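Undergrad: Below is one structure. I have some questions about it.
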Amino acid sequence: MNSIHLSWQGLLALLFCLASITMLPLLAGDAVTPFTSGTTIFILLLVAAAAVISFGNLPPAVSATVLFVCAHGAAWLLLSGITGNEGKARLSFFLLIAAAWLLAWRCVTVLCTIRPRSPAGNYGLRLLIPAIFGAWILIIWEAATRGAGIPFILLPPPGAIGARIAGSVSILWTDVQQTIFRSVLIGYIIGCASGFMVAILADRVTFLRHGLLPIGNLVSALPIIGVAPIMVMWFGFDWQSKAAVVVIMTFFPMLVNTVAGLAAAGNMERDLMRTYASSYSQTLLKLRLPAAAPFIFNALKINSTLALIGAIVAEFFGTPMSGMGFRISTEIGRMNVDMVWAEIAVAAVAGSVFYGIVAILERMTTFWHPSIRGGQT
């Protein structure tokens with residue numbers, strides 16, 4: 001019995017596989033290109049074999065590899081067969097998709113038990129696990145939309161969105177240049193830098209500290225949908241008005257977090273600096289700013305997403321013939337939903353990359369902080 005390791009994911013996947021056999025075929029009788037008998041049998045064998053093999057006393061790496069290949073191979077065959085047969089899937093199709101998903105879940109569970117010996121292996125594993133999780137969100141999305149025949153105008157499948165991205169690279173690149181490289185980056189740099197400098201000044205002048213922070217809380221509560229059209233009226237329809245919106249959205253989070261961070265240094269450390277006859281600037285540079293670094297990077301990470309949201313929303317109220325917000329508002333009026341989702345996907349990837357760069361810089365700069373030494377960003 002020690003050689004058998006049962007898991008509820010494997011058992012449930014095996015039951016789903018057996019149940020789907022009693023409900024064949026996978027597609028309705030009027031499907032244009034139904035699954036062949038050989039393909040159906042191969043999918044069933046992949047799912048059943050992976051479920052049974054996962055019960056064995058195999059090394060975790062081998063078990064995870066088998067589960068990964070079989071789960072994703074079965075999913076790929078199922079999605080390939082449903083393309084062109086939208087709305088024709090039967091319950092057996094969805095049962096096999098669910099079984100493959102359970103095997104992928106089991107694969108991730110096994111991967112979490114592996115402890116790589118090298119840093120490269122550790123980083124690779126930390127990237128692989130969320131990649132599998134994210135891939136299955138797309139797989140289930142694709143299977144649900146195509147299998148159930150959900151109208152394209154309501155929710156296009158990821159495959160159609162990917163095809164739109166591949167066919168609109170030049171348009172998307174123009175929009176990225178207008179929104180991210182101009183509005184977002186310029187507004188982000190100005191807003192964060194000015195918020196940091198004002199925070200240093202407010203820390204030095206008590207009157208400013210007590211006067212600015214309540215105003216900062218007030219301005220942070222202003223609705224962006226009300227500020228954006230005003231900025232467009234003041235600064236025009238080009239990227240300057242969108243950068244102004246980004247400045248407003250990023251200034252006060254940086255101000256509030258930096259002021260809180262400068263107060264994070266302990267009294268004992270400050271007393272020690274006084275015994276060394278340190279000046280205000282020396283105490284600021286050698287004690288208080290390093291202690292405030294986690295707070296500052298927290299503001300930078302928050303602002304990395306706020307800046308992109310602010311720029312896109314601001315483009316709804318007036319912009320040149322390019323930009324992510326402009327494209328979304330225009331294409332949704334034309335019912336080109338796949339293009340809207342393509343812009344959303346590009347914005348999500350750009351925001352994640354922006355956030356990741358800031359997180360990497362935080363790890364390199366504040367490597368001494370407990371949160372970084374504990375493996376968190």
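Undergrad: Can Ala61 be described as touching a helix residue (DSSP H, G or I) at 6+ places or on another chain (Cβ under 9 Å) and touching a residue at least 12 places away in the same chain (Cβ under 8 Å)?
TA: On the way: touching a helix residue (DSSP H, G or I) at 6+ places or on another chain (Cβ under 9 Å): yes; touching a residue at least 12 places away in the same chain (Cβ under 8 Å): yes.
Yes; evaluated as a whole, the condition is true for this residue.
Undergrad: Something else about it: Regarding the range 64-74, can at least one residue be identified that is β-branched (Val, Ile, Thr), in a helix (DSSP H, G or I) and open to solvent by 40 Å² or more (accessible area, probe 1.4 Å)?
TA: yes
Undergrad: Restricting attention to the range 156-171, report how many residues are open to solvent by 30 Å² or more (accessible area, probe 1.4 Å) and more than 15 Å from Ile82 (Cβ to Cβ). Let's see the steps before the verdict.
TA: At the first step, the residues of the range 156-171 found to be open to solvent by 30 Å² or more (accessible area, probe 1.4 Å) are 159, 162-167, 169-171.
Those left that are additionally more than 15 Å from Ile82 (Cβ to Cβ): 162-167, 169-171.
Qualifying residue count for the region: 9.
Undergrad: Starting from residues that are in a helix (DSSP H, G or I), more than 28 Å from Leu27 (Cα to Cα) and among the polar types (S, T, N, Q), keep the ones in the range 101-149 and report whichever is modelled with the lowest pLDDT.
TA: Step by step, filter the range 101-149, then rank; the result is Asn122.
Undergrad: Select from the range 1-27 the residues that are at pLDDT below 90, over 15 Å from Leu78 (Cβ atoms) and over 36 Å from the mean Cα position of the chain (by Cα) and list them in ascending order.
TA: Correct list: Met1, Asn2, Ser3, Ile4.
Undergrad: Determine if the range 24-45 includes at least one residue that is surrounded by fewer than 16 Cβ atoms within 10 Å (Cβ to Cβ), within 24 Å of Trp141 (Cα to Cα) and aromatic (Phe, Trp, Tyr).
TA: Yes, the range 24-45 contains a residue that is surrounded by fewer than 16 Cβ atoms within 10 Å (Cβ to Cβ), within 24 Å of Trp141 (Cα to Cα) and aromatic (Phe, Trp, Tyr).
Undergrad: Within the range 300-332, how many residues turn out to be among the basic types (Lys, Arg) and open to solvent by less than 20 Å² (accessible area, probe 1.4 Å)? Please lay out each step first, then the result.
TA: So in the range 300-332, the residues among the basic types (Lys, Arg) come out as 301, 327.
Filter once more, keeping what is open to solvent by less than 20 Å² (accessible area, probe 1.4 Å): 301.
Final tally of qualifying residues: 1.
Undergrad: A follow-up question, please. Could you tell me whether Phe152 is outside any helix (DSSP H, G or I) and open to solvent by 70 Å² or more (accessible area, probe 1.4 Å)?
TA: Judged against the criteria, Phe152 is a match.
Undergrad: What are the pairs with Cβ atoms under 8 angstrom where one residue, in the range 272-286, is under 19 Å from Val205 (Cα atoms) and aromatic (Phe, Trp, Tyr) and the other, located anywhere, is modelled with pLDDT of 70 or more and in a helix (DSSP H, G or I)? Sequence gap at least six, or different chains.
TA: So the pair list comes out as Tyr280/Arg204.
Undergrad: Please verify whether Phe133 is among the aromatic types (Phe, Trp, Tyr) and over 23 Å from the mean Cα position of the chain (by Cα), treating the condition exactly as stated. Break it down stepwise before answering.
TA: Numbers: among the aromatic types (Phe, Trp, Tyr): yes; over 23 Å from the mean Cα position of the chain (by Cα): no.
No; evaluated as a whole, the condition is false for this residue.
Undergrad: Filter the range 187-242 down to the residues that are touching an Asp or Glu at 6+ places or on another chain (Cβ under 7 Å) and farther than 11 Å from Ala314 by Cα and list them by number. It would help to see each step written out before you state the result.
TA: Of all residues in the range 187-242, those touching an Asp or Glu at 6+ places or on another chain (Cβ under 7 Å) come to 209, 242.
Passing the criteria: only Arg209.
Undergrad: While we're here: Which pairs turn up if I take residues in the range 155-166 that are closer than 17 Å to Ala348 by Cβ and look for partners that are surrounded by fewer than 19 Cβ atoms within 10 Å (Cβ to Cβ) and at pLDDT 90 or above with beta carbon separation below 6 Å, at least 6 apart in sequence or on another chain?
TA: Pro158/Leu138; Pro158/Trp141
Undergrad: Let me ask something additional. Among what's in the range 346-372 and is at pLDDT below 70 and surrounded by 11 or more Cβ atoms within 10 Å (Cβ to Cβ), pick the residue that is farthest from Ile161 (Cα to Cα).
TA: To start, the set of residues in the range 346-372 that are at pLDDT below 70 comprises 369-372.
Still in the list and also surrounded by 11 or more Cβ atoms within 10 Å (Cβ to Cβ): 369, 371-372.
On the way: His369: 41, Ser371: 38, Ile372: 37 Å.
Per the criteria, the residue is His369.
The values are calculated or read from the model by the stated rules, or taken from the named source; none is laboratory data. Every value quoted in this text rests on a predicted model; they were computed, and no experiment measured them. Ideal geometry is used to build each Cβ from the backbone, glycine not excepted, and the neighbour counts take in all protein chains shown. Remember, those area values only see protein heavy atoms, side chains included, never the ligands or the DNA or RNA. Shrake-Rupley method; radii C 1.70, N 1.55, O 1.52, S 1.80 Å.
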